[in-house]
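See below for the structure under consideration.
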Amino acid sequence: MVERSYGSEVMSKDRILLFASGLGTTMLFCLLLYLKPYPLELLDLKLYDLLFRLRPTQSAPNSIVIAAIDERSIEKLGRWPWGRDKMALLVKRLNGLGAAVIAFDVVMSEREKHDRNLAESMEEAGNVVLPVVFFFDKEKGMVEAENEGTLLQSAIAVANPHRFGTSPPISAKDVLLPPPALANAAAGFGHINMFPDVDGTLRWEVLFLDYKRHLIPSLPLAVSAMYLGIPKERILVDAGKGLILGKRHVPTDRYGRVLIPYYGGSHMFRHIPFSDILEGKIKREEIEEKVVLVGATAVGLYDLRVTPLSPAMAGVEKHAHMIASLI
């Protein structure tokens, strides 16, 4: 019979304690990763931002321009909001200059006396995308049946709906829509809801939202598809994995989110004052075959977002970055 020495017993106990300690540390680390407490989540987010800032500088494509509701335009055209006769003239001018797609990041939910003028300009252009805003807590009773039907026609399909049992999209309960005259004249719709992280920074784009079992695309997705000439029948949600956009597969998380690949901070895309377009100061080559996003950039209009690369980026610029990554 072989006797174990006192020293070997101590070493054996040390190994057990070391193993138990390592196992406990590993389990604690895994638990923290699963629960993701706020300090750890915040650290993870800030590390992502740091890595993002260390990337080589990228040039934004010149195929996207912003028709800016800026300080200069407000000084010339008067206090915001402006009447829809000005919006109608803007669409007419942009259409005349050969814009490929015109998209509004301006919510127009109330009827106004110049709606007919704007609707006629939109119908003539045939390429105007309007925004919608979804609500998630409770129904607010704002939707007219006619408008809702028009919105649902813009919904995109799901390639494998059975996967939604384990990967359901973000679901909305109500929606704010344009008046019927404008909704019927629109070439498409896209949601402009934004979902910042816990630190208030906007890193994600939700490419589609569920509304009454219909998937409504985001404004950047709707604009990109129109610009690329991809009909909605060729846009498919690959549930829990991504989005099929024509021949391209765009990876997403289970909620249909994708990280926004910002090209840089503010003003990476050309801003053209709204008033300059109305006054006919813009040349055709500045607009022709481009995506034109109409939105507020004036600081006083408070449509500013924190991003990994900017402490104050206009919401319309966020759309431009996302569209650029999709086209």
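Derivation of every value follows stated rules applied to the coordinates shown; laboratory data play no part. Note that the structure is predicted; figures quoted are calculated from it, not measured. For neighbour counting, all protein chains shown are included, and Cβ atoms are generated from backbone atoms with ideal geometry for every residue, glycine included.
Would you mind ranking THR252, THR150 so that the residue whose beta carbon has the fewest other beta carbons within 10 Å leads the list?
With the fewest neighbours first, THR252, THR150 line up as THR150, THR252.
Can you tell me the FRET efficiency between GLU110 and SER59 if r is taken as the Cβ-Cβ distance and R0 is 30 Å, rounded to the nearest 0.05?
0.15
Give me the net charge of ARG72's neighbourhood, meaning all other residues with Cβ under 12 Å from the Cβ of ARG72; Lys, Arg count +1, Asp, Glu -1.
After counting each charged neighbour, the total is -3.
Name the residue from LEU301, LEU202, SER109 whose Cα lies farthest towards the positive end of the charge dipole of region 64-326, charges +1 on Cβ of Lys and Arg and -1 on Cβ of Asp and Glu.
Among LEU301, LEU202, SER109, the one farthest towards the positive end of the dipole of region 64-326 is LEU202.
Take every Cα-Cα pair in region 251-309 and report what % of them are more than 17 Å apart.
59 percent
Hey, which of these cross-link pairs are over 24 Å Cα-Cα: LYS92/LYS173; LYS76/LYS283; LYS113/LYS173; LYS113/LYS212; LYS86/LYS173; LYS212/LYS232?
Long pairs (Cα-Cα over 24 Å): LYS92/LYS173; LYS113/LYS173; LYS113/LYS212; LYS86/LYS173.
If amide H atoms are built 1.01 Å from N in the plane of the peptide, which residues on other chains or at least 5 residues away come under 5 Å of the amide H of GLY242?
THR252
Among 316-323, 254-261, 110-117, how do they line up by average Cβ neighbours within 10 Å per residue, starting with the highest?
Ranked by mean Cβ neighbours within 10 Å, highest first: 316-323, 254-261, 110-117.
Which order do THR201, THR166 fall in if you start with the one that has the fewest other Cβ atoms within 10 Å?
Ranked by crowding around the Cβ, least crowded first: THR166, THR201.
Specify the inter-centroid distance of region 89-142 and region 196-238, based on alpha-carbon positions, in whole Å.
18 Å
Short version: ³J(HN,Hα) in whole Hz for each residue of region 115-131, in order, from phi by Karplus 6.51 cos²θ - 1.76 cosθ + 1.60 (θ = phi - 60°), x for Gly and Pro, what are they?
4, 4, 4, 5, 4, 5, 5, 5, 5, 5, 6, x, 9, 9, 9, 10, x
For region 64-326, divide the Cα radius of gyration by the Kirkwood radius and give the resulting Rg/Rh value with two decimals.
Taking Rg over the Kirkwood Rh, I get 0.95.
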